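This report concerns only the one structure given below.
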Amino acid sequence: MTTHSLNPNNLNPNFEKPEALSKFASIYVQPIIWNDMDAFNHVNNVVYYRYAESARINYLNELGAFTDEVTTVLAQSSCTYLKPVVFPDTLLIGVRTKKLGNTSIVMEYCYYSQVQQSVVATGDSVLVRLNKDASAKVAWTEVERDNILAFEKGVGHTPDF
């Protein structure tokens, strides 16, 4: 499966961010492949969670949030399906920090269909930061918090605390 990340440093000059994604700091491009569909001929509900995982990892990678000292675990995830998506299509998945906790982060997702030119699903997830052996929670450092807030501020979004 081929996926691509769009960020301010490598945007296609002809790319226009849809209004629905204007306040999302990270846009992840997810082509729909035939195998993503189920017997009802639309993208299977479970596949949206795989898309969110890829988009979330892309977001954290853009922030430089991966280190050998800490890890993140998924504590909660949800998705609200608004419209069915079918092959062929490409989703633009907006990701942003909804709430920044002491040791956690709530991320928000907006799935935008290029074929339908509309939002087809929304979701969120809660990640908890742990030390490298996953035995204790780890707080965000001041520098990490500042990086997240600056990333979000770049599109005019301010996470809750």
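Mean residue ellipticity at 222 nm, helices only, the chain: -6500 deg cm²/dmol; runs of at least 4 DSSP H residues each add -39,500 (n - 2.57), and the sum is divided by the number of residues.
Accessible surface computed residue by residue for the chain, with neighbouring protein chains in place and a 1.4 Å probe, gives 54 Å² per residue.
Residue by residue, segment 90-105 carries 3J(HN,Hα) couplings of 9, 9, 9, 10, x, 10, 8, 7, 7, 8, 10, x, 5, 10, 9, 9 Hz when phi is fed to the Karplus relation 6.51 cos²θ - 1.76 cosθ + 1.60 (θ = phi - 60°); x denotes Gly or Pro.
Per the Debye formula on identical point scatterers at the alpha carbon atoms of segment 39-161, with no solvent, log10 I(q)/I(0) at q = 0.10, 0.16, 0.17, 0.22 Å⁻¹ is -0.34, -0.80, -0.88, -1.27.
When the chain is treated as a GNM with alpha-carbon contacts under 10 Å, the residue of Ala55, Ala25, Ala150 showing the greatest mean-square fluctuation is Ala150. Fully extending the segment from Val86 to Thr141 would add 15.6 nm, taking 0.36 nm per residue of separation and subtracting the current Cα-Cα distance. Carbon-plus-sulfur accessible fraction, the chain (probe radius 1.4 Å, protein heavy atoms only): 52%. The peptide list 84-93, 124-133, put in order of mean Cβ contacts within 10 Å with the highest first, becomes 84-93, 124-133. Amide hydrogen proximity for Thr90: with H placed 1.01 Å from N in the peptide plane, the residues at 5 or more positions away or on another chain lying under 5 Å are Ile32, Gln114, Val115. From the Cα gyration tensor of segment 51-120, with a ≥ b ≥ c the square roots of its eigenvalues, which class applies: rounded if a/c is under 1.5, or else prolate if a/b is larger than b/c, or else oblate? Cα axes put segment 51-120 in the prolate bin.
The values are calculated or read from the model by the stated rules, or taken from the named source; none is laboratory data. It should be emphasised that the depicted structure is a prediction, and the values quoted were computed from it without experimental measurement. With ideal geometry, Cβ positions are generated from the backbone for all residues, glycine too; neighbour counts draw on all protein chains shown. For accessibility, only protein heavy atoms count, side chains too; no ligands or nucleic acids. Shrake-Rupley method; radii C 1.70, N 1.55, O 1.52, S 1.80 Å.
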